[in-house]
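The values are calculated or read from the model by the stated rules, or taken from the named source; none is laboratory data. Computed from a predicted model, the values in this text were never measured in an experiment. A quick note on method: Cβ atoms are made from the backbone with ideal geometry, for glycine too, and the neighbour counts reach across all protein chains shown. Just the protein is used for accessible areas: all its heavy atoms, side chains included, with ligands, DNA and RNA removed. Shrake-Rupley method; radii C 1.70, N 1.55, O 1.52, S 1.80 Å.
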Amino acid sequence: MQGLPRRVQGQGLPVLIPGAEAAPRRGAAVFVAGASGYIGRALVRELCARGHRVVCLVRPQSGVGGRDSPADLARDLPGAELRVGDVSDPRSLREDGFAGETFDAVFSCLATRGGGIRDAWNVEFAANRVLLDAALTAGVHRFVLLSAICVQRPKLAFQQAKLAFEASLVASGIAYSIVRPTAFFKSLAGQVPRVLAGKPYLLFGNGELTACKPISERDLARYLGDCLDDPARENAVLPIGGPGPALTPRAMGELLFRLSGRPAHFRSVPPGLFTAVGGPLGTLGRVFPPLLDKAEFARIGHYYATESMLLWDEERGAYDADATPSFGEDTLEGFYEQVLARGLAGQELGDHALF
């Protein structure tokens, strides 16, 4: 049975609760922006494994800390055609990226690394807008956007920028799929080194203020890839989480301690700490503009300390774990077992690190 649209997040867009999957179509020509990122790499591998022709536009240096060259990416993404250019530059995108070709679909995994105000609007909105314009000019049939479930309750610059582009995409006339995932496994790995070093697991409040249904990069890549072929996902906003019940930070910490064989040891951090720091920074930012981003980073910290990454029910004014769609096979327990055994290679947070 196919999913039914429900309006739950207050943005006026139809939200599809996913149902049956369609068999993937092989041999499509797809263009991927953001291929060097965490989800972008997983998506490229998935699309190549399905037999699609995959073209990616990448920067001369990319990845965490700009450590990867195009040659490094080519070794990491066999089967994909990598072209070097700037997705935010219309001319480079047209000449170096699309290069006079057309594609069946464009995938955007573009995202700001740090969440600063100017960077958010330059990447989440402006660069995606350049990509959309190029896709429309080239006659692309489908645009699949990786967004985020947190845009349901927008309080931050990057969320506002994401929503502004979502609105542009919907109004453009191109067939679209807007995928809004919950937390990634990677975002929940930051405290593994603390636990292994014998340090306490940090919680905001009592560790029960928020919850999420985390999803792996592999499962999210599969879900994004399925958007090529499932008619039910066309012209829809698609919130998606991983398998299993919603987990609170305390439950995640208890799981990590159990798997590591260490006694549970928690330390509480008051969420108000972020507002205590961010308020003065915002005031000073009126005189010293560079401080505005630092104030925004404090707001980001407070948001994730107090807001769940679950489907928001506007009518009830509450997050709804049961209504948050689940997809995939990978569990957080399996992910923790893997990083405890092999380390965090490929799961580094970089600019996204909070602790």
### Query
Looking at the range 21-130, what strands (runs of 3 or more DSSP E) fall wholly within it and have at least 1 residues that are among the polar types (S, T, N, Q) and either open to solvent by less than 40 Å² (accessible area, probe 1.4 Å) or at pLDDT 95 or above (or both)?
105-108
#### Entry: Lone unmet requirement of (1) without any contact (Cβ under 8 Å) to a residue 40 or more places away in the chain; (2) open to solvent by less than 30 Å² (accessible area, probe 1.4 Å) for Thr210
(1)
### Task
Determine which single condition Pro154 fails, assuming it passes every other condition in (1) farther than 24 Å from Leu332 by Cβ; (2) touching a helix residue (DSSP H, G or I) at 6+ places or on another chain (Cβ under 8 Å); (3) in contact (Cβ under 8 Å) with a residue 12 or more places away in the chain.
(3)
### Query
What number of residues within the range 152-175 are closer than 15 Å to Ala236 by Cα and either at pLDDT below 95 or part of a helix (DSSP H, G or I) (or both)?
9
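Taking the options Leu310, Leu292, name whichever one is of a type outside the set (Gly, Ala, Ser), modelled with pLDDT of 95 or more and within 28 Å of Glu166 (Cβ to Cβ).
Leu310
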### Task
State all residues of the range 176-212 that are of a type outside the set (Val, Ile, Thr), under 21 Å from Pro271 (Cα atoms) and either under 19 Å from the mean Cα position of the chain (by Cα) or in a helix (DSSP H, G or I) (or both); if no residue qualifies, say none.
Ala183, Ser187, Leu188, Ala189, Gly190, Arg194, Ala211, Cys212
### Members of the range 265-277 found to be open to solvent by 70 Å² or more (accessible area, probe 1.4 Å) and outside any strand (DSSP E or B), listed by number
His265, Pro270, Leu273, Thr275, Val277
### Task
For the range 320-333, indicate whether the set of residues that are surrounded by fewer than 20 Cβ atoms within 10 Å (Cβ to Cβ) and among the aliphatic types (A, V, I, L, M) is non-empty.
yes
### Task
For the range 278-319, enumerate the residues that are more than 20 Å from the chain's Cα centre (by Cα), outside any helix (DSSP H, G or I) and under 21 Å from Val151 (Cα atoms).
Asp313, Glu314, Glu315, Arg316, Gly317, Ala318
